[in-house]
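What follows is a set of notes on a single structure, which appears directly below.
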Amino acid sequence: MKLKFLIDEDFSNYKTCAMFVGFPYCTFKCEKDCGIAGICANSALAKAPIIDVSPAEIVARYMNNPISSAIVFGGLEPFDSFESLLPFVALIRLHTQDPIIIYTGYAESEVGHEVSELRNYSNIIIKFGRFVPNATPRYDPVLGVTLVSDNQYAVKIS
């Protein structure tokens, strides 16, 4: 599975400790929408090398970690690697029903087909919405964290 990074214990993207899986691709739609290149917090990450980690290794690391109790997919943009994301969700569901959180810059209307496919799996949360420069941050009660733009929100889809 191609990734930018894998963090076994992350405390900043969900209300409990989570493994954070960083996906490798993004169209940088947030920057295109606002017209400011390099504004995305992940811009530098795009230049980082891509690593290859087997899905089985990721599952083993997660299942053998007594601290993490959720998995966060973020990025760059998980939905730009949906062909890897969906099979991994299916694989992890063979081992645990812990929350899976997907951070996306897409709006719900832009990824409706993908969301429909993810509804086949339990305990999936999606954070929707692009980063908007100078927007007001807002606390999201589903995630238990403050998001950087007030248009962003999380929904438990299944």
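The values are calculated or read from the model by the stated rules, or taken from the named source; none is laboratory data. The structure presented is a predicted model; accordingly, all values stated were derived computationally and were not measured. For neighbour counting, all protein chains shown are included, and Cβ atoms are generated from backbone atoms with ideal geometry for every residue, glycine included.
Within the stretch 70-85, is even one residue part of a loop (DSSP other than H, G, I, E, B) and exposed (fewer than 14 other Cβ atoms within 10 Å of the Cβ)? No: the stretch 70-85 contains no residue that is part of a loop (DSSP other than H, G, I, E, B) and exposed (fewer than 14 other Cβ atoms within 10 Å of the Cβ).
Taken over the stretch 137-155, the criterion of being touching a strand residue (DSSP E or B) at 6+ places or on another chain (Cβ under 6 Å) and in contact (Cβ under 8 Å) with a residue 60 or more places away in the chain is satisfied by Leu143 alone. Count of the stretch 14-45 residues, restricted to those that are touching a residue at least 24 places away in the same chain (Cβ under 8 Å) and farther than 18 Å from Leu85 by Cα, is 14. Scanning the stretch 67-81 for residues that are under 19 Å from Lys156 (Cα atoms) and either without any contact (Cβ under 8 Å) to a residue 40 or more places away in the chain or of a type in the set (A, V, I, L, M) (or both) yields a count of 4.
Return yes or no: is Ser149 over 20 Å from Ala18 (Cα atoms) and either at pLDDT below 95 or small (Gly, Ala, Ser) (or both)? Yes: the conditions hold for Ser149.
Quick one: would you say Met19 is surrounded by 15 or more Cβ atoms within 10 Å (Cβ to Cβ) and over 26 Å from Asn134 (Cα atoms)? Spelling it out, Met19 is indeed surrounded by 15 or more Cβ atoms within 10 Å (Cβ to Cβ) and over 26 Å from Asn134 (Cα atoms).
Within the stretch 146-158, the set of residues being closer than 18 Å to Asn123 by Cα and part of a strand (DSSP E or B) comprises Tyr153, Ala154, Val155, Lys156.
Of everything in the stretch 38-47 that is surrounded by fewer than 14 Cβ atoms within 10 Å (Cβ to Cβ) and part of a loop (DSSP other than H, G, I, E, B), the residue that is farthest from the chain's Cα centre (by Cα) is Gly38. For the stretch 99-136, filtering for residues that are in a loop (DSSP other than H, G, I, E, B), of a type outside the set (Ser, Thr, Tyr), in contact with a strand residue (DSSP E or B) (Cβ under 8 Å, 6 or more places away or on another chain) and surrounded by fewer than 19 Cβ atoms within 10 Å (Cβ to Cβ) leaves 2.
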